[in-house]
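In what follows, a structure is listed as structure tokens, so that the remarks can point back to it.
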């Protein structure tokens, strides 16, 4: 008994099979048009014209083919440009993210070690003062404890999230310790409104400016001098200034002056954290000395906490 003939595919099934077979061809053609120069499209149009003439096809078929190719070329080119832009944006974001992680790792390494000489010198000073000036030794010890207490949250890996109040407390304790060593050669004052104590401010930046003022401004000056640290909101940005009455800039005022390792690190971190929204300025006030200013977007990390007494 002969086998029955296999069932013939329906029109719908044939259409689906044709679509499945032609789809890869279509996308290859689409991708080719996306990258091929326009001169190649012109060559393709001429070939279509020659084939249409040889086969005596109606002119409408030629024009439909040409217009379709041009339309597909425009659409494919736009899609390719969008894909390239998206890919480049992703690569930039990944690169910036990697740079930020590197900067945070460097900061973590820096925070993982408090300057040994600073600690040893401070402990040595306390040991000496115990014999000759016990009250001053006790005050220095309290300042060192305050310094370490302020530094500990950063040493535990708080990253770039800290408040201005925390950084002021750290710098205040540092200055009080330095005052023991420099005695009357160092005076300082803080003018930090209580409402700004909760403002976001990257760790170690304020202390870097203070250390720079002492090392390059006041210590080289025989009679020493004064450091004024102030904060304000200007045009929607947090503005922190550190002004010293030291020896000043050797080459006169320059907004971009100050290329030391510490200031360079501050600039790089500001760039990575805030992009063009933040900057570090180094200037020469008319009265002499040096003014360092950090400007960055104002962001509050929580309820304001009263800062310690502004003057000291």
> If we keep just the residues of the stretch 268-292 that are free of Cβ contacts under 8 Å to residues at least 12 places away in the same chain and under 16 Å from residue 238 (Cα atoms), which is surrounded by the fewest Cβ atoms within 10 Å (Cβ to Cβ)?
Replying inline: 276
>> Given the criteria over 22 Å from residue 214 (Cα atoms) and modelled with pLDDT under 65, does residue 62 qualify?
In response: yes
> Counting only residues that are under 21 Å from residue 151 (Cα atoms) and out of contact with any helix residue (DSSP H, G or I) (no Cβ under 8 Å at 6 or more places or on another chain), which one in the stretch 192-222 is modelled with the highest pLDDT?
Replying inline: 213
> When the stretch 167-189 is examined, which residues are found to be surrounded by 16 or more Cβ atoms within 10 Å (Cβ to Cβ) and part of a strand (DSSP E or B)?
Replying inline: 186, 187, 188
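The values are calculated or read from the model by the stated rules, or taken from the named source; none is laboratory data. Remember, it's a predicted structure, so these values are computed and weren't measured experimentally. All Cβ positions, even for glycine, are placed from backbone atoms using ideal geometry, and neighbour counts span all protein chains on display.
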